[in-house]
Amino acid sequence: MPSRPGEEELIARFFAPLAGPVGLGLQDDAALLVPPLGSDLVLTTDALVAGVHFFADDPPGLIARKALRVNLSDLAAKGARPLGFLLALALPKDWRTEWLASFAAGLAEDAVAYGCPLAGGDTVSTPGPLMLSVTAFGAVPSGRMVARSGVKLGDRLYVSGTIGDSAIGLRIRRGEGPALTQTARQYLLDRYLLPEPRLALAPAVHAHANGGMDVSDGFVGDLTKMLAASGVTARAPIYLLPLSSAARAAIAADPDLFEVAATGGDDYELLASVSPESAPAFEAAAAAAGVRVTLVGNAVEGVAPPCFVGPDGGQVTFPRASYSHF
């Protein structure tokens, strides 16, 4: 095996160039973050494991970008702007220098694009599969974080973008799924490999939403979680779930894929609850930001799980509401 850099050289060569001032050049034992005046810090972390969250032979740059983006999605759901992130990286015994170079290049691309510099972290060797964990931190005006427990009676419930592309894209990545055009297949696969964090929507969420969270485990399950945390429920017309043309084509070929789309997860779209009075302003702000939002229900009194209804008004049930690791 070709010679590989040691830990200090590895950090200096691949990761120090990604560090902002808060990271102190990655030459100290810790980072130093001074919170913006009048702001609260919002912190989030996600771990990704090869064979669970991505395929070991996925392009390394895309693995890195996805790891950062799923955390940025959490910040967006809270109405926060990114300040930086920490990275813990456990490399398997057979890691290669060119793989790490591509990984770092992908990470650098998104760190710059989203204004979220590396602040520090850790690199270790593991006998197991590749694992990485990103902890991102952002800022919101003091006392103004949009919590998932903030949904109020009468709120309108919105979701950004389209749902189900990634879950169907995973089927395609596995070599499964219906016959589709190459364009549709590639679109769904791209949505699985590289989610788009809705940071452009964060100012609208912060300004107008009462409650919010990102859709990571599945639309049905995550909406249920947000409503339960808020002590309310909803009647949701599931047939109005926003779908891309590629997802519609897949579902037309295999109707069972609608349940996959509604519950499969990995969407990294945003759920937001907005009062009827603020709804027009929220919709206008979303449009100005270039982010599609769709009304998917209304918060009503009750503690039962939301009632999902079909086009005939009948209740639609799902055996599994969302993805779960356990």
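The values are calculated or read from the model by the stated rules, or taken from the named source; none is laboratory data. Just so we're clear, the structure is a prediction, and the values are computed from it rather than from any experiment. Quick reminder, even Gly has a Cβ in these numbers, built from the backbone with ideal geometry, and neighbours come from all protein chains shown. The protein model used for the area step is the full one, side chains on, heavy atoms only, and it has no ligands, DNA or RNA in it. Shrake-Rupley method; radii C 1.70, N 1.55, O 1.52, S 1.80 Å.
Below is a table of values for the structure above.
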{"read-out": "Lone unmet requirement of (1) open to solvent by 30 Å² or more (accessible area, probe 1.4 Å); (2) touching a Leu at 6+ places or on another chain (Cβ under 7 Å) for A304", "value": "(2)"}
{"read-out": "Among the candidates G84, G115, residue that is buried (at least 22 other Cβ atoms within 10 Å of the Cβ), within 20 Å of the chain's Cα centre (by Cα), modelled with pLDDT of 95 or more and over 19 Å from Y192 (Cα atoms)", "value": "G84"}
{"read-out": "Residue that is farthest from the chain's Cα centre (by Cα) [pool: residues in the stretch 36-54 that are open to solvent by 60 Å² or more (accessible area, probe 1.4 Å) and modelled with pLDDT under 95]", "value": "G51"}
{"read-out": "Answer from P276, P255 - the residue that is open to solvent by 20 Å² or more (accessible area, probe 1.4 Å), under 16 Å from R156 (Cα atoms) and assigned to a loop (DSSP other than H, G, I, E, B)", "value": "P276"}
{"read-out": "Whichever residue in the stretch 1-27 is touching a residue at least 12 places away in the same chain (Cβ under 8 Å) and exposed (fewer than 11 other Cβ atoms within 10 Å of the Cβ) and, among such residues, is nearest to P129 (Cα to Cα)", "value": "M1"}
{"read-out": "Single residue of the stretch 145-190 satisfying the filter (of a type in the set (D, E, K, R) and open to solvent by less than 30 Å² (accessible area, probe 1.4 Å)) that is farthest from the chain's Cα centre (by Cα)", "value": "D155"}
{"read-out": "Unique match (being charged (D, E, K, R) and part of a loop (DSSP other than H, G, I, E, B)) among D28, D40", "value": "D28"}
{"read-out": "Selection within the stretch 279-318 - free of Cβ contacts under 8 Å to residues at least 40 places away in the same chain, assigned to a loop (DSSP other than H, G, I, E, B) and not polar (S, T, N, Q)", "value": "D312, G313, G314"}
{"read-out": "Members of the stretch 239-249 found to be over 21 Å from the mean Cα position of the chain (by Cα) and under 18 Å from V309 (Cα atoms), listed by number", "value": "Y239, L240"}
{"read-out": "Unique residue being surrounded by fewer than 23 Cβ atoms within 10 Å (Cβ to Cβ) and in contact (Cβ under 8 Å) with a residue 60 or more places away in the chain when the list is T126, T135", "value": "T135"}
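This table checks each residue for (1) out of contact with any helix residue (DSSP H, G or I) (no Cβ under 6 Å at 6 or more places or on another chain); (2) farther than 20 Å from P129 by Cβ; (3) outside any helix (DSSP H, G or I).
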residue	(1), (2), (3)
G61	no, no, no
K66	yes, no, no
V70	yes, no, no
S73	yes, yes, no
L86	yes, yes, yes
W95	yes, no, yes
E109	yes, yes, no
